[in-house]
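The values are calculated or read from the model by the stated rules, or taken from the named source; none is laboratory data. This one's a predicted model, so the numbers in the text were calculated from it and none came from an experiment. Backbone-built Cβ (ideal geometry, glycine too); neighbour counts: all protein chains shown.
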Amino acid sequence: MSGLLVAGGPVIPNFGKPNACLKNNGWFCTHWIHEHWHDILQPALIQHIQLVVIAVAIGFAISFPLAVIGYRFSPLDPVLGVFADFLYTIPSIAFFLLLVPLTGVTVTTVEVALVSFTLFIFYRNIVVGLRSVPPDVLESARGMGMSRRQTFWRVELPLARPAIFAGLRIATVATISIATLAAFLIQDGLGAPIFDALGTPDLFHTELLVAGGLAILLALTADFLLAGLQRAVTPWTRVR
Amino acid sequence: MMILANAFADAFSFIPSHISLLLEKSWQTAELAFTALAIAIVLALPLGLWLGHRHRGLGFALGVSTLGRALPVIVVIGLLIAVIGVGFWSVTVALVIIGIPPILTNAYLAVDGVDRDVVEAARGMGLTEREILTGVELPLGLPLILAGVRLAAVFVIATATIAALAGAGGGLGDIFVRQVKYGLAGTLAAAMFVAAIALLTAGVLSLIQRAASRRTAPRA
């Protein structure tokens, strides 16, 4: 259980060699950033990206078939939707703690909670995207002699892409932000230096700002890259 | 599986023996969250409605929403504590910041998305811009506006719990950070209460939202 105490336990401050900036608890001590980029910041950033990529990939892999089921069998849609919404609504910290007896103080616990969080976003967006395909278009596809399977892969899915990508962007950005809470449980991701800074006696400004800033930058960069990808795979939306 | 069963059994026996503590902390969390939510509504709703009515600032509305999602709550709370110190205000301001984006963006999209023909018809009938906004666009956009409030409420409740982790005490989060005192059973019980508050709030707002959509969309 010791891992659970990270947030409240004593934390050894990460001050390197003391200098004027650190002594004054400055907001952007470049000396400290240089000194701890390789042992604190970079590993935390890489762990953070891993946490998020795994959660988003598994979340998408689970939601996609569920959304197709919800789209095809509309009576099931509210049931699946409400279940995903239920998982989405449980605050992450509570979710982490409720999973501890099941999966322990491990990265699995964090991933299960993060995946559960993404399901609702993916599910809604995929269903909405598939439903947005105009009936005329489906009629034409049928008229052209396409089978149901062909219609799905060649017509419905491509036309649902804008909504699916919107969901991917929302889920990715939100998961990057929420994954900072993983450090409440395990020393993993950008949350680790953030909690570390919060645990120092007079709140180490540089570490909080730089680690927090990296998390925000990572989220905005991911959003920007996914928006570019979205434009590349949905050329018809560029007409406007 | 034994550990699992024991842990939850302990948590369930913790609840009746510490019910007054749990209810007191739940009340603190709810009070904090709903105060912040009310402030966020007062600040964000008029702005979102007005921008939506003018069909201006789509980029701003969407940007606020993305930025709001990208801001880790623990960083927001930490920065506010660093700047204005631990206390009621740093937590409340953090919660308001977390609550604003979904309310603002949804209010914008709700009003912006109201059928332009309907708005034109209202204008043709001689309604003032203010009457159009409050009498036509607001009722028609209400389901989406309430969806934003619901989203904000869930975020704010979650964040109110996290405040304790950043050293700003109060509410059920206190139990999370004092595991030495309350043990795993207490932590699990508090987590159940947090989840219950969030689910209950979301459930009530969903019912209101459903009632609003039934009123505005009789064709469905």
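Of B:69, B:54, which residue is facing chain A (nearest Cβ under 10 Å) and of a type outside the set (S, T, N, Q)?
The conditions single out B:69.
With the requirement that a residue be touching a residue at least 60 places away in the same chain (Cβ under 8 Å) and buried (at least 17 other Cβ atoms within 10 Å of the Cβ), what does the stretch A:122-140 give you?
Correct list: A:122, A:123, A:126, A:127, A:130.
Tell me which residues, restricted to the stretch B:151-177, are assigned to a helix (DSSP H, G or I) and away from chain A (no Cβ under 11 Å).
Result: B:152, single match.
Suppose we filter the stretch A:215-238 for residues that are more than 10 Å from chain B (Cβ to nearest Cβ), in contact (Cβ under 8 Å) with a residue 12 or more places away in the chain and not hydroxyl-bearing (Ser, Thr, Tyr); how many remain?
The number of residues fulfilling the criteria is 4.
Where the second residue is surrounded by fewer than 21 Cβ atoms within 10 Å (Cβ to Cβ) and outside any helix (DSSP H, G or I) and the first is within 7 Å of another protein chain (Cβ to nearest Cβ) and lies in the stretch B:183-202, which pairs have Cβ atoms under 7 Å and are six or more apart or on separate chains?
B:184/A:1
Could you tell me which of the residues A:164, A:121 is away from chain B (no Cβ under 12 Å) and more than 30 Å from residue B:11 (Cα to Cα)?
Only one candidate passes the filter, namely A:164.
Tell me whether the stretch B:81-91 contains one or more residues that are at pLDDT 90 or above and surrounded by fewer than 23 Cβ atoms within 10 Å (Cβ to Cβ).
no
Sort through A:62, A:93 and tell me the only one that's in contact (Cβ under 8 Å) with a residue 24 or more places away in the chain, under 20 Å from residue B:151 (Cα atoms) and surrounded by 15 or more Cβ atoms within 10 Å (Cβ to Cβ).
A:93
Only one of (1) under 18 Å from the mean Cα position of the chain (by Cα); (2) buried (at least 23 other Cβ atoms within 10 Å of the Cβ); (3) within 14 Å of chain B (Cβ to nearest Cβ) fails for residue A:88. Which number is that?
(2)
Failed condition for residue B:53, given (1) over 17 Å from the mean Cα position of the chain (by Cα); (2) surrounded by fewer than 18 Cβ atoms within 10 Å (Cβ to Cβ), with all others met?
Checking residue B:53 against (1) over 17 Å from the mean Cα position of the chain (by Cα); (2) surrounded by fewer than 18 Cβ atoms within 10 Å (Cβ to Cβ), the one that fails is (2).
Kindly state which helices (runs of 4 or more DSSP H) lie completely within the stretch A:141-204 and contain at least 2 residues that are touching a residue at least 60 places away in the same chain (Cβ under 8 Å) and under 30 Å from residue B:162 (Cα atoms).
Answer list for the stretch A:141-204: A:157-178, A:191-199.
Got a sec? Which helices (runs of 4 or more DSSP H) wholly within the stretch A:66-137 have at least 3 residues that are farther than 18 Å from residue B:195 by Cα and in contact with a Ser or Thr (Cβ under 9 Å, 6 or more places away or on another chain)?
Hits in the stretch A:66-137: A:107-131.
Could you grab me the full set of residues in the stretch B:72-108 that are in contact (Cβ under 8 Å) with a residue 24 or more places away in the chain and not in a helix (DSSP H, G or I)?
Of everything in the stretch B:72-108, those that are in contact (Cβ under 8 Å) with a residue 24 or more places away in the chain and not in a helix (DSSP H, G or I) turn out to be B:86, B:87.
List pairs: first in the stretch B:4-23 and within 12 Å of chain A (Cβ to nearest Cβ), second part of a helix (DSSP H, G or I) and among the charged types (D, E, K, R), Cβ under 8 Å, 6+ apart or cross-chain?
Matching pairs, first to second residue: none at all.
Could you please find all residues in the stretch B:165-195 being over 17 Å from residue A:91 (Cα atoms), surrounded by fewer than 24 Cβ atoms within 10 Å (Cβ to Cβ) and hydrophobic (A, V, I, L, M, F, W, C)?
B:180, B:184, B:185, listed by residue number.
Taking the criterion of being more than 13 Å from chain B (Cβ to nearest Cβ) and either surrounded by 17 or more Cβ atoms within 10 Å (Cβ to Cβ) or small (Gly, Ala, Ser) (or both), would at least one residue in the stretch A:100-109 satisfy it?
yes
Tell me the residue from B:118, B:180 that is within 27 Å of residue B:207 (Cβ to Cβ), part of a helix (DSSP H, G or I), of a type in the set (Val, Ile, Thr) and free of Cβ contacts under 8 Å to residues at least 60 places away in the same chain, please.
B:118
Condition first: within 10 Å of another protein chain (Cβ to nearest Cβ), at pLDDT below 90 and surrounded by fewer than 24 Cβ atoms within 10 Å (Cβ to Cβ). Can you find one or more residues in the stretch B:143-150 that meet it?
Checking the stretch B:143-150: not a single residue is within 10 Å of another protein chain (Cβ to nearest Cβ), at pLDDT below 90 and surrounded by fewer than 24 Cβ atoms within 10 Å (Cβ to Cβ).
Does the stretch A:195-214 include one or more residues that are closer than 13 Å to residue B:69 by Cβ and crowded, with 23+ Cβ neighbours inside 10 Å?
No, because not a single residue in the stretch A:195-214 is closer than 13 Å to residue B:69 by Cβ and crowded, with 23+ Cβ neighbours inside 10 Å.
Filter the stretch A:9-29 down to residues that are out of contact with any Leu (no Cβ under 8 Å at 6 or more places or on another chain) and closer than 24 Å to residue A:187 by Cα and give me whichever is modelled with the lowest pLDDT.
A:9
Taking residue B:15, is it within 23 Å of the chain's Cα centre (by Cα) and assigned to a helix (DSSP H, G or I)?
No.
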